[in-house]
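Participant: Below is the structure I would like to discuss, written out as structure tokens.
The values are calculated or read from the model by the stated rules, or taken from the named source; none is laboratory data. Since we're looking at a predicted model, the values are computed, not measured. Backbone-built Cβ (ideal geometry, glycine too); neighbour counts: all protein chains shown.
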Amino acid sequence: MARREVQFNGLVLSRQSYREADMLVKIATDQFGKRMFLLHRARKPGFPLAAGILPFTQGTYVGTINPSGLSYLNAVRRADQFQQIAGDITLNAYATYVLGLIDLAVPDGEPLGAWYDFAATSLRLIDTGLDPAIVANIAEVQLLGAFGVAPNWRACVLDGRTDLPLDFSEKYGGLLCQAHWALDDYRFHVQPKALFLLRRFSTIDLHQLHSITVSAPTKRELRRVLDRLYQDMVGTVPKAKSFLDQMQRWQDRLPPR
């Protein structure tokens, strides 16, 4: 790809200070994958592109996309920050986690394809009040394929049955019906309500998701299963996961209302 100035849509993933007054901003773009942009003097007061590089901002940009190394932003045509996420530490943490998952799953420079829209839609849902933990769970389930893990959530992997109770088997890479549970002593023993949701999450279109209510025990079970899946089958999680875990421990210590 030749060096050229182009217009593109993007979503700010992260940013960091660079040298004395510059900044490196990582942006998920709709056309060129994830790119790292160098912005000279971005940490100085009155920087003209400041609104376009705030965390949790989606915008339309003009810049120079280089085939390797750093790229450059020249103008911001439009910039919209997800205000609720930016102002709430809990929403911030979940949104950061979802973006971190996508960042880990798709190598830099590779086209994001549908994951760009998935990222933007996830943040919109979190920003407008949908349970951020559930949005994160959906992201975790659907991104398993991008990590090279594609569990079969449709039916029993051995006989295709769905009319018997089901459980998840890491050994067989998907669901096992009750007739085959004896084949895996280490099956997950997923609670039925959580398994129902995991199967739903694997195919749900975020654009069709308007509301969802999940009980606290089922959310804990979803967390248990997904943590085990990522630990055993993926082997990596974003740094934001440790903060989410810490927040959950704080909440678990609070007295019941």
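Participant: How many of the residues making up segment 7-53 are surrounded by 14 or more Cβ atoms within 10 Å (Cβ to Cβ) and either part of a strand (DSSP E or B) or among the aliphatic types (A, V, I, L, M) (or both)?
Facilitator: 29
Participant: Could you tell me how many of the residues in segment 180-208 are surrounded by fewer than 16 Cβ atoms within 10 Å (Cβ to Cβ) and farther than 15 Å from Thr162 by Cβ?
Facilitator: Final tally of qualifying residues: 11.
Participant: Can you tell me which residue within segment 231-254, out of those that are touching a Gly at 6+ places or on another chain (Cβ under 9 Å) and within 18 Å of Gln142 (Cα to Cα), is surrounded by the fewest Cβ atoms within 10 Å (Cβ to Cβ)? It would help to see each step written out before you state the result.
Facilitator: At the first step, the residues of segment 231-254 found to be touching a Gly at 6+ places or on another chain (Cβ under 9 Å) are 233-234, 237-241.
With within 18 Å of Gln142 (Cα to Cα) added as a condition, the list becomes 233-234, 237-238, 241.
Details: Met233: 15, Val234: 19, Val237: 19, Pro238: 18, Lys241: 19.
Looking at the filtered set, the residue picked out is Met233.
Participant: Go over the candidates Leu112, Leu104, Leu99, Leu125 one by one and state the one that is in a loop (DSSP other than H, G, I, E, B), under 13 Å from the mean Cα position of the chain (by Cα) and at pLDDT 95 or above.
Facilitator: Matching residue, one of Leu112, Leu104, Leu99, Leu125: Leu112.
Participant: Could you pull out the residue among Ala79, Ala105 that is of a type in the set (A, V, I, L, M, F, W, C) and touching a Gly at 6+ places or on another chain (Cβ under 7 Å)?
Facilitator: Ala79
Participant: Would you mind stating whether Val190 is outside any helix (DSSP H, G or I), more than 30 Å from Gly113 (Cα to Cα) and not polar (S, T, N, Q)?
Facilitator: Values: outside any helix (DSSP H, G or I): yes; more than 30 Å from Gly113 (Cα to Cα): yes; not polar (S, T, N, Q): yes.
It is true that Val190 is outside any helix (DSSP H, G or I), more than 30 Å from Gly113 (Cα to Cα) and not polar (S, T, N, Q).
Participant: Checking the structure you have, find out if any residue of segment 77-86 is over 30 Å from Val135 (Cβ atoms) and either of a type outside the set (Asp, Glu) or modelled with pLDDT of 95 or more (or both).
Facilitator: no
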